[in-house]
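**Q** My questions will all concern the structure given below.
The values are calculated or read from the model by the stated rules, or taken from the named source; none is laboratory data. Here the structure is a predicted model, which means the values were calculated and not measured. Don't worry about glycine lacking a Cβ; one is built from the backbone with ideal geometry, like all the others, and counts go over all protein chains shown. The area values use the complete protein model at the heavy-atom level, side chains included, leaving out ligands, DNA and RNA. Shrake-Rupley method; radii C 1.70, N 1.55, O 1.52, S 1.80 Å.
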Amino acid sequence: MTAEGVELELKYRVADAAGAARLAAARSFGPFRATGPARQLQVEDRYLDTADGALARAGYAVRLRRGPTMTVLAVKSTTPARSALHRREELEGPADLSLDPHAWPSSPARALVLEHAGEAPLLELVTVRQLRRTRILADDAAEIELSLDEVAVVASGRVVERFVELEAELRRGPAAALDALGEILAADPALAPATTSKLDRALAAAGLVPPAGGRSKGKGRAATASPAPGTAAEPRAAAGPGAAAAASPEGDPAPAAAPADGAPAPAAPAADQPAPPPAADTPPAAAPAAPAAPDAPAPPRLVVGKTPGVTPDDVLAEAGRKVLRFHFARMLAKEAGTRSGADIEDLHGMRVATRRMRAAWRVFGDGFRAGRTRRLRGRLRVLAGHLGAVRDLDVLLDAALAHQGALGGREAAAFEPLVAAWRDEREAARIVLLRELDGPAYVRLVEDYRAFVAAEGAAVLAPASPVAPHRVRDTAASRIWLAYEQVRAYESVLRWADLETVHQLRIAAKWLRYTLEFFREALGPEADVLIPRVVALQDHLGLLHDADVTIALTRQFLVAHAGTLTRDETRTIAAYLALEERELARLRRTMAGPWRSVSGAPFRRLLGRAVAAL
């Protein structure tokens, strides 16, 4: 058995994807055989130290590992290795995502951190995200955990390096078992002994230590540590895959920077760039990708006009690709502002872009092979959910702050508990959003979307026959009328509909608006009259929905804090609740006007003339 508190493991760098694939599939290494199937999990390691590097000077590395179910604190000695075999002291204990050790449950690991950090706050040095594929190997005397790790190093909000590493940690049995396995692994040409830790390589990639200089200690390393996401030291620098692309001269220009004539530019990359890579919707290989070479070609550049550029002669799928490319570029253009948080309208713009891309999949999705685009749609849905959680609270807070500003001094102070609670919820949602933007899923989303929208023909579903409708002029009219029918169907129930039904009408109106906007350039000029009418209905229903949500959350706050609010606070917040209830009733009474402007015969006549231009 290894001594308690000592980690004993072999570490190897993996040279290429082919070697990684072979190692991932192997079920035996000499006498060591897998005892069960491989297990895959995603973990995030945040490495911490004080501003003056107190823990590094004491010879320790401190890591918070967030896994699927819990967060674990690990404190490891930084004893250098001379070969692939690493022997380090290690203490572990429970923790949470807070950077305050006093908030963690008591453990020997926490005690060691407090002993050397004292009262100095901990800062995040670098984040290491790993996709780990682990399996247990065993022979008659020992048990070893073999882990193939696909590693992404994140510093200042952007991925600065990727690499693949193989680790073999002794879990049970004599240390000689690792020697025996080490002889087998040393003969593999795809493996090279790693004498440094993942932290060392991550710090070098982040520029916190010289690339060839090994471990440095003290101020030279820790003084450049970046604060943890969501701490008071925010805002972050604009970073991440999308922000870098949008800000760089070779990145994706925002729609406002399009050619003056507004004509859509071709999807192909510029002439001085290589051909675009294969479509991003191709299923990934079994092995993690090898690190990119320093001189690897840049990803395809997105070139968009002032509008998507959909024409009647476009194949339906390629019209959809134009729309996706247009709004994807808009999403990237808003990413930096979303990260900084300086203007809430940047987050609103990024959310709108993701909404329109999701709507585009609904309108154009049957022109693509569903199995080859499912992953893109799924990742986009997750991102939209995180953006929506923050944006909804922005809307809630904006209205509450406007109301507070209209109150007198005493009443404004009494209203503050509600505002403070919603502000805290908003900040928590923003931290989750920033972690999503920094995470590997978002990196893959940007990379895959960029390749997909630039690769004409990727994942297009061939028409069943040469005469099957497959162009915009053949299919747009039926799609627009279907979206309109789904709105008009509410006419028979709207007078007595409950709020949930009204909310569903709002969603249907949104789909109608987006469908008209996607095909706007191919339709007749009547579209310029139709769309504002749908927008007016959607906005009215949106205000109604916002009032309903505000009422529910305000009532929930009053109930949850009934024992802690003062009489003035309760009376002031209850008055806001009553005000919103009256606003909800007013919006319901006045819904008929915007509804008739869309449901009536004049709208249908204009719609018929608009689609007749196809």
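**Q** Quick one: which residue in Leu376, Leu387, Leu383 is closer than 25 Å to Ala462 by Cβ and either without any contact (Cβ under 8 Å) to a residue 24 or more places away in the chain or aliphatic (A, V, I, L, M) (or both)?
**A** Criteria check complete, one pass: Leu376.
**Q** Here is a follow-up. Where in the stretch 131-207 are there strands (runs of 3 or more DSSP E), lying wholly inside it, with at least 3 residues that are open to solvent by less than 10 Å² (accessible area, probe 1.4 Å)?
**A** Filter on the stretch 131-207 gives 143-155, 158-172.
**Q** Still on this structure: Could you check the stretch 52-90 and list, in sequence order, the residues that are open to solvent by 60 Å² or more (accessible area, probe 1.4 Å), more than 27 Å from Leu185 (Cβ to Cβ) and more than 32 Å from the chain's Cα centre (by Cα)?
**A** Selection gives Asp52, Arg57.
**Q** Going by what's in this entry, would Ala552 be described as open to solvent by 10 Å² or more (accessible area, probe 1.4 Å) and among the small types (Gly, Ala, Ser)?
**A** yes
**Q** Being among the small types (Gly, Ala, Ser) and touching a residue at least 60 places away in the same chain (Cβ under 8 Å) is the filter; apply it to the stretch 507-528 and report the residue that is nearest to Val310 (Cα to Cα).
**A** Checked the stretch 507-528; the qualifying residue nearest to Val310 (Cα to Cα) is Ala522.
**Q** Okay, next question. Using the structure shown, decide if Ala389 is in a helix (DSSP H, G or I) and open to solvent by 20 Å² or more (accessible area, probe 1.4 Å).
**A** yes
**Q** Of all residues in the stretch 329-346, which are farther than 25 Å from Ala454 by Cα and either assigned to a helix (DSSP H, G or I) or touching a strand residue (DSSP E or B) at 6+ places or on another chain (Cβ under 6 Å) (or both)?
**A** Answer for the stretch 329-346, where residues must be farther than 25 Å from Ala454 by Cα and either assigned to a helix (DSSP H, G or I) or touching a strand residue (DSSP E or B) at 6+ places or on another chain (Cβ under 6 Å) (or both): Arg339, Ser340, Ile344, Glu345.
**Q** Moving to a separate point now. If I filter the stretch 519-539 for residues that are outside any helix (DSSP H, G or I) and over 30 Å from Phe326 (Cα atoms), do I get at least one hit?
**A** Scanning the stretch 519-539 turns up no residue that is outside any helix (DSSP H, G or I) and over 30 Å from Phe326 (Cα atoms).
**Q** All but one of (1) open to solvent by less than 30 Å² (accessible area, probe 1.4 Å); (2) not in a helix (DSSP H, G or I) hold for Pro94; which doesn't?
**A** Unmet condition: (1).
**Q** Inside the stretch 453-468, can you point out the residues that are open to solvent by 30 Å² or more (accessible area, probe 1.4 Å) and not in a loop (DSSP other than H, G, I, E, B)?
**A** Residue satisfying the conditions is Val460 alone.
**Q** Please specify each residue of the stretch 350-373 satisfying the condition of being touching a Gly at 6+ places or on another chain (Cβ under 8 Å) and either touching a residue at least 60 places away in the same chain (Cβ under 8 Å) or at positive phi (or both).
**A** Ala360, Val363, Phe364, Gly367, Phe368, Thr373
**Q** Let me ask something else. Select from the stretch 394-423 the residues that are in a helix (DSSP H, G or I), open to solvent by 30 Å² or more (accessible area, probe 1.4 Å) and over 16 Å from Phe557 (Cβ atoms) and list them in ascending order.
**A** Hits for the stretch 394-423 are Val395, Asp398, Ala402, Gly405, Gly409, Arg410, Glu411, Ala413.
**Q** Select from the stretch 353-381 the residues that are open to solvent by 40 Å² or more (accessible area, probe 1.4 Å) and either of a type in the set (A, V, I, L, M, F, W, C) or in contact with a strand residue (DSSP E or B) (Cβ under 9 Å, 6 or more places away or on another chain) (or both) and list them in ascending order.
**A** Arg369, Ala370, listed by residue number.
**Q** Shifting gears a bit: Being closer than 23 Å to Leu607 by Cα and polar (S, T, N, Q), is that true of even one residue in the stretch 466-475?
**A** Taking every residue of the stretch 466-475 in turn, at least one turns out to be closer than 23 Å to Leu607 by Cα and polar (S, T, N, Q).
**Q** Within the group Leu606, Leu577, Leu587, Leu614, which residue is assigned to a helix (DSSP H, G or I), open to solvent by less than 70 Å² (accessible area, probe 1.4 Å) and touching a residue at least 60 places away in the same chain (Cβ under 8 Å)?
**A** Leu606
**Q** Let me ask something else. Going through Arg506, Arg520, Arg471, Arg450 one at a time, which residue ends up being under 15 Å from Trp595 (Cα atoms) and either of a type in the set (D, E, K, R) or open to solvent by 40 Å² or more (accessible area, probe 1.4 Å) (or both)?
**A** Arg506
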